[in-house]
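K.L.:
Below are the structure tokens for one structure; questions will follow.
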């Protein structure tokens with residue numbers, strides 16, 4: 001059996017999903033299928049509280065779609081490939097668990113589009129470049145890039161970045177709000193996992209984090225009044241949870257809470 005294009009391992013409540021297609025972790029239809037399945041399994045696994053997505057090796061998170069595959073494919077296949085990739089990234093974005101993209105190397109083109117579907121992006125200092133250079137191929141970022149980038153950095157800046165197609169450092173990306181934080185290269189992966197564990201029980205009420213994410217992601221796409229109604233509904237669900245009771249009791253008893261994620 002060939003090595004999987006997406007591997008998944010669970011460490012202390014964290015599902016680590018790794019894109020594995022050397023040398024640049026470019027994605028294909030098969031990789032997207034495997035990523036879709038890995039995200040769904042992590043979503044349904046009650047022992048998983050956070051998903052961390054990274055690229056194999058230390059040079060590339062992902063360089064995006066396999067250009068040779070796209071160049072030789074029929075137009076109809078290209079359309080359905082983009083459709084399927086969008087469905088996979090929508091699933092990643094809508095998963096009611098925190099998703100962290102760990103940018104261990106270059107994240108360009110479709111690779112950045114994958115990272116944009118995560119909730120947080122943690123980069124390795126001086127680890128690579130970031131950007132959406134599809135204009136140099138005569139196409140646009142077609143896996144949600146035009147929509148997610150503009151929602152993060154604003155319309156004018158998103159158009160400028162995509163129209164020039166330039167790639168830039170993780171530090172500049174952090175200044176734009178595109179990267180959540182940049183961590184030093186030394187012991188980088190351990191820093192990422194330590195950060196991810198902050199959002200797992202007993203440190204955090206992971207169910208509250210997941211519903212908070214759902215309120216933000218879904219609420220941002222619907223009218224304000226409906227978004228407030230969604231917020232109230234999710235809050236009511238949390239009020240009925242064991243973690244809410246633990247959090248309130250711990251506050252009254254002046255002790256640190258011990259959350260269980262339920």
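K.L.:
Applying the selection to the stretch 173-183, what residues are more than 15 Å from the chain's Cα centre (by Cα) and either surrounded by 14 or more Cβ atoms within 10 Å (Cβ to Cβ) or assigned to a strand (DSSP E or B) (or both)?
P.N.:
Within the stretch 173-183, 173, 174, 176, 182, 183 qualify.
K.L.:
For the stretch 27-45, give me the residue count where each residue is assigned to a loop (DSSP other than H, G, I, E, B) and modelled with pLDDT under 95.
P.N.:
The number of residues fulfilling the criteria is 1.
K.L.:
Can you find even one residue in the stretch 61-78 that is assigned to a loop (DSSP other than H, G, I, E, B) and under 19 Å from the mean Cα position of the chain (by Cα)?
P.N.:
Yes: the stretch 61-78 contains one or more residues that are assigned to a loop (DSSP other than H, G, I, E, B) and under 19 Å from the mean Cα position of the chain (by Cα).
K.L.:
Take residue 126 and tell me if it is loosely packed, with under 15 Cβ neighbours inside 10 Å, assigned to a loop (DSSP other than H, G, I, E, B) and either touching a strand residue (DSSP E or B) at 6+ places or on another chain (Cβ under 6 Å) or without any contact (Cβ under 8 Å) to a residue 40 or more places away in the chain (or both).
P.N.:
Against the criterion (loosely packed, with under 15 Cβ neighbours inside 10 Å, assigned to a loop (DSSP other than H, G, I, E, B) and either touching a strand residue (DSSP E or B) at 6+ places or on another chain (Cβ under 6 Å) or without any contact (Cβ under 8 Å) to a residue 40 or more places away in the chain (or both)), residue 126 does not qualify.
K.L.:
Name the residues in the stretch 27-52 that are surrounded by 20 or more Cβ atoms within 10 Å (Cβ to Cβ), touching a helix residue (DSSP H, G or I) at 6+ places or on another chain (Cβ under 7 Å) and closer than 23 Å to residue 67 by Cα, would you?
P.N.:
27, 32, 35
K.L.:
Which is outside the structural domain of residue 11 (by TED's automatic domain parsing) and either at pLDDT 95 or above or in a strand (DSSP E or B) (or both), of 236, 191?
P.N.:
Residue meeting the stated conditions: 236.
K.L.:
Based on this model, can you work out whether residue 186 counts as assigned to a loop (DSSP other than H, G, I, E, B) and under 30 Å from residue 106 (Cβ atoms)?
P.N.:
Yes; evaluated as a whole, the condition is true for this residue.
K.L.:
If you don't mind, there's one more thing I want to ask. Is the stretch 111-121 home to any residue that is free of Cβ contacts under 8 Å to residues at least 60 places away in the same chain and either farther than 28 Å from residue 36 by Cβ or surrounded by fewer than 22 Cβ atoms within 10 Å (Cβ to Cβ) (or both)?
P.N.:
No, every residue in the stretch 111-121 fails to be free of Cβ contacts under 8 Å to residues at least 60 places away in the same chain and either farther than 28 Å from residue 36 by Cβ or surrounded by fewer than 22 Cβ atoms within 10 Å (Cβ to Cβ) (or both).
K.L.:
Can residue 3 be described as modelled with pLDDT under 95 and either surrounded by fewer than 20 Cβ atoms within 10 Å (Cβ to Cβ) or assigned to a helix (DSSP H, G or I) (or both)?
P.N.:
Spelling it out, residue 3 is indeed modelled with pLDDT under 95 and either surrounded by fewer than 20 Cβ atoms within 10 Å (Cβ to Cβ) or assigned to a helix (DSSP H, G or I) (or both).
K.L.:
Are any residues in the stretch 203-233 in contact (Cβ under 8 Å) with a residue 40 or more places away in the chain and not in a helix (DSSP H, G or I), and if so, which ones?
P.N.:
Those that are in contact (Cβ under 8 Å) with a residue 40 or more places away in the chain and not in a helix (DSSP H, G or I): 203, 204, 205, 220.
The values are calculated or read from the model by the stated rules, or taken from the named source; none is laboratory data. All values derive from a computational prediction rather than experimental measurement. With ideal geometry, Cβ positions are generated from the backbone for all residues, glycine too; neighbour counts draw on all protein chains shown.
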